[in-house]
Amino acid sequence: IHNSVPHTNIPLQTNLYASAARITLHRDITVCSLYIPPKYNLRLSELVQLLSQLTAPVLLLGDFNGANPLWGSSSTNPRGTLIEEFYTTNSLCLLNDKSPTFLHSSYGTFSYLDLAFTDPSLLLDFNWKVLSDLHGSDHYPILLSHSSPISSVSAQRWNLAKADWTTFSTLCRTHLSNFPISDSSADEFSKALLAIAARTIPRLSNSPTNIKKPWFN
């Protein structure tokens, strides 16, 4: 995860090879990356227990090593049947478009091992695509892209050097000292604080004219 993307690591209690983080994109999303070795004796309860630790909405991505026509395989193996039961009974949606994701280097055959599951609320938010270049691997890279352009909103910028801190402090003591504290009051407190800031702290311009020009031509 790039440092510019707000995220928090999620510690997991599981025997599976899994890692997860809560990230902020167009909304808060829990992303979990999972690898299940081909010979691992996977149990349905392990997947359910892993999912129970992930805050919705969830993107569950990984190399599942299971075969099922639902994601493009020509046949079904026991792992594929188990995975189908897992995601259908837990109301998850499959993003795969039945494109192969693995190239066997010795036989030149394709397999469908890498899967992407999501909550129904995210199903229309992402497009799933397998890239054509292996980049030296035997698994094709998979690109999840947002289905519609995400508007870029500049963060609020305050001119702190020109703030009227005396009035700011007075207004905070008057309006916030006895503010009721509860789980439901956080938004109201933030609104009150921002209203005081708007009265006492000037804002910096976000106009393109203030953007420094590059040194190169």
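Would you check which residues across region 91-102 are assigned to a strand (DSSP E or B) and crowded, with 16+ Cβ neighbours inside 10 Å and list them?
Filtering region 91-102 for residues assigned to a strand (DSSP E or B) gives 93-94, 102.
Correct list: LEU94, PHE102.
Return the only residue of THR76, THR81, THR109, THR88 being under 23 Å from the mean Cα position of the chain (by Cα) and surrounded by fewer than 18 Cβ atoms within 10 Å (Cβ to Cβ). Outline the logic, then answer.
On the way: THR76 fails: under 23 Å from the mean Cα position of the chain (by Cα); THR81 fails: under 23 Å from the mean Cα position of the chain (by Cα); THR109 fails: under 23 Å from the mean Cα position of the chain (by Cα).
Checking each option against the conditions leaves just THR88.
Let's see how each residue does on (1) on the phi < 0 side of the Ramachandran plot; (2) among the polar types (S, T, N, Q); (3) at pLDDT 90 or above:
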| position | (1), (2), (3) |
| --- | --- |
| THR109 | yes, yes, no |
| ASP114 | yes, no, yes |
| PHE117 | yes, no, yes |
| LYS129 | yes, no, yes |
| TRP158 | yes, no, no |
| ASP164 | yes, no, yes |
| THR167 | yes, yes, yes |
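Looking at LEU47, LEU61, which one is part of a helix (DSSP H, G or I) and either closer than 17 Å to ALA18 by Cβ or more than 22 Å from the chain's Cα centre (by Cα) (or both)? Give the derivation first.
Working: LEU61 fails: part of a helix (DSSP H, G or I).
Matching residue, one of LEU47, LEU61: LEU47.
Could you list, in sequence order, the residues of region 170-205 that are part of a helix (DSSP H, G or I) and modelled with pLDDT under 80?
Let us first name the residues in region 170-205 that are part of a helix (DSSP H, G or I), namely 170-176, 186-200.
Hits for region 170-205 are ALA186, ASP187.
Residues of region 95-128 being of a type in the set (D, E, K, R) and closer than 19 Å to LEU54 by Cβ, which ones? Write out each step before concluding.
From region 95-128, those of a type in the set (D, E, K, R) are 97-98, 114, 119, 125; that's our starting set.
Once the filter is applied, which keeps residues that are of a type in the set (D, E, K, R) and closer than 19 Å to LEU54 by Cβ, region 95-128 yields ASP114, ASP119, ASP125.
Within region 44-72, how many residues turn out to be in contact (Cβ under 8 Å) with a residue 12 or more places away in the chain, over 25 Å from ASN9 (Cα atoms) and surrounded by fewer than 20 Cβ atoms within 10 Å (Cβ to Cβ)?
Step one: of region 44-72, the residues in contact (Cβ under 8 Å) with a residue 12 or more places away in the chain are 44, 46-51, 53-68, 70-72.
Pick out the ones that are also over 25 Å from ASN9 (Cα atoms) and you get 65-68, 70-72.
Right, trim to surrounded by fewer than 20 Cβ atoms within 10 Å (Cβ to Cβ) and you get 70, 72.
Total satisfying the criteria: 2.
The values are calculated or read from the model by the stated rules, or taken from the named source; none is laboratory data. Predicted model, so just to flag it, every value in this text is computed and none were measured. Don't worry about glycine lacking a Cβ; one is built from the backbone with ideal geometry, like all the others, and counts go over all protein chains shown.
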